[in-house]
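The values are calculated or read from the model by the stated rules, or taken from the named source; none is laboratory data. Predicted, not measured: the structure shown is a model, and the values here were computed from it. With ideal geometry, Cβ positions are generated from the backbone for all residues, glycine too; neighbour counts draw on all protein chains shown.
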Ligand SMILES: [Zn+2]
């Protein structure tokens, strides 16, 4: 499938959910931990992140970007990475990703590349995705009425942002009441939260309030769903629990991120609601050589105009590149098989690649 293969290799990507890379990786232990999403502790002494799908994928696909042979051994890889230094490693990976636009979740962490650094290092454009829980913490610290402060800060912080993001999955999960709370309930909950210090929002009323303010804003609202670290109860991050919320969500685009292992459930929601979109960011990186499976499952039911690309890269700059590399390989393989079986035409396959790579993101986020 030469035309499809060539197209997939070169197609420009919009990475619609990504974070800054670590400015300093420091030591190999931290690097290897950066290749593990779910475990919040240092890896066990007997273990190595190189002995995982993502570790093998780093050796297969990232090693050549650093001038090493494909499948370079872990020690050789780490030595080369250390020799080049973090700045050069980041430059190599971000420019090799073929990403024209990075939509960056700026919600957490210090010591990571900010928007300007992401733009400078990659040569691409950057857009900001603002976390609702961060807005809530700013509103808790502000003077006066909480709801007014939240609305004002949300408006100011998103004036130049492309979207918002909720980590409700990490703050109690999706099951339960997700209707809009009354003004009186918001006032009482805010008073309680402020009295308790106003940090790390877990109050359900205020979390619900933030979601509806984001819907009213109208910019795409991203949700962490599925796979994450173990602080998030995976059962409660199943996007099917968002059904009632989605029924009330109007026209504002809702972006279901990561999705694994609920990509089929997410695909169903993308079919069921005009405003629901899905991606397999993060999951593709961690599934490595098995990622064509999730790419295939995501497009079983989800309409092709509702699927987006993201890496969810955070930490090691490898992840900003690897997501793109694995997605290109995976979509090429999955669609190539459909064309070879004469189920799809090559022309249609190329058109769908364009939709997922950048077309859908440009439309939903209003990118030029
Ligand atoms: Zn993320």
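Being within 16 Å of the ligand (Cβ to nearest atom) and at pLDDT below 95 narrows it down to one residue among 223, 227; which is it? That would be 227, the only listed residue that is within 16 Å of the ligand (Cβ to nearest atom) and at pLDDT below 95. Taking region 1-64 and the helices (runs of 4 or more DSSP H) fully enclosed by it, the elements with 3 or more residues that are more than 16 Å from the ligand (Cβ to nearest atom) and more than 15 Å from residue 316 (Cα to Cα) are at 2-10.
In the set 140, 136, 113, 147, only one residue is within 16 Å of the ligand (Cβ to nearest atom) and either at pLDDT below 95 or in contact with a helix residue (DSSP H, G or I) (Cβ under 8 Å, 6 or more places away or on another chain) (or both); that residue is 113.
Yes/no matrix, rows are residues, columns are (1) within 16 Å of the ligand (Cβ to nearest atom); (2) out of contact with any helix residue (DSSP H, G or I) (no Cβ under 7 Å at 6 or more places or on another chain):
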site: 261; (1), (2): no, yes
site: 278; (1), (2): yes, no
site: 288; (1), (2): no, no
site: 300; (1), (2): no, no
site: 306; (1), (2): no, no
site: 314; (1), (2): yes, yes
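For region 154-184, the set of residues classified as within 16 Å of the ligand (Cβ to nearest atom) and part of a loop (DSSP other than H, G, I, E, B) consists of 161, 162, 167, 171, listed by residue number.
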